[in-house]
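The values are calculated or read from the model by the stated rules, or taken from the named source; none is laboratory data. Source: prediction; values computed, not measured. Neighbour counts run over all protein chains shown; Cβ positions are idealised from the backbone, glycine included.
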Amino acid sequence: MQLSSAHHDERLSAPRSWWGIVVLAGIACALMLFPLGTTPLLVGLIGGSALTGLLVSSYGSARVRVVNGSLAAGTARIPVTALGEPEVLEAEEARAWRTYKADTRAFMLMRSYVPTAVRVEVTDPTDPTPYVYVSTREPQALSEAIRAAKGGPTGA
């Protein structure tokens, strides 16, 4: 079976409001060091902002891609031949699959600030993972890219 060159690339970056928290964390660090003088205050402001910014940036750097016949979600690389039919999950259904419908054996790339997702069953009988849950801002595009990579119809 010839795999197509379907492609989807998305970065699940942190929302802008989180960068406001970075600034506030820097100010808080500066205020803690205020009694020690101006130099420690500036070190706290710069250091606290840099450290918090690094944490927000690294958390928000998750990528979701369909390329070369594989679904790459975060650190996972899954060949599309081992996946079933993708299911687009709107906000309420996605929340249900993140909470009470969730299976602890599933691979889940979740971001709380992304309300929609795609859920795909893992059809490989040797893999104990029942499904893959991936937060995405473009669930329809991701679903179509998975279908196209499998060589199936791309319509919903």
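Counting only strands (runs of 3 or more DSSP E) wholly contained in the stretch 103-156, no element carries 1 or more residues that are under 15 Å from Ala76 (Cβ atoms), of a type in the set (Ser, Thr, Tyr) and free of Cβ contacts under 8 Å to residues at least 12 places away in the same chain.
Would you confirm whether any residue within the stretch 47-63 is of a type in the set (Gly, Ala, Ser), out of contact with any Lys or Arg (no Cβ under 7 Å at 6 or more places or on another chain), buried (at least 17 other Cβ atoms within 10 Å of the Cβ) and closer than 25 Å to Ile146 by Cβ? For the stretch 47-63, residues of a type in the set (Gly, Ala, Ser), out of contact with any Lys or Arg (no Cβ under 7 Å at 6 or more places or on another chain), buried (at least 17 other Cβ atoms within 10 Å of the Cβ) and closer than 25 Å to Ile146 by Cβ: absent.
Checking each residue in the stretch 35-77 for being small (Gly, Ala, Ser) and within 17 Å of the chain's Cα centre (by Cα) picks out Ser57, Ser58, Gly60, Ser61, Ala62, Ser70, Ala72, Ala73, Gly74, Ala76. Inside the stretch 8-43, can you point out the residues that are in contact with a Gly (Cβ under 9 Å, 6 or more places away or on another chain), buried (at least 17 other Cβ atoms within 10 Å of the Cβ) and not in a helix (DSSP H, G or I)? Result: Leu12, Ser13, Ala14.
Of Val80, Val66, which residue is crowded, with 16+ Cβ neighbours inside 10 Å and under 24 Å from Ala14 (Cβ atoms)? Give the derivation first.
Working: Val80 fails: under 24 Å from Ala14 (Cβ atoms).
The unique qualifying residue is Val66.
Considering every residue within the stretch 58-71, establish whether at least one is modelled with pLDDT of 90 or more, touching a Pro at 6+ places or on another chain (Cβ under 7 Å) and under 30 Å from Val23 (Cβ atoms). No, the stretch 58-71 has no match at all.
Among the residues of the stretch 104-125, those identified as surrounded by fewer than 15 Cβ atoms within 10 Å (Cβ to Cβ) and under 18 Å from Glu85 (Cα atoms) are Thr123, Asp124, Pro125.
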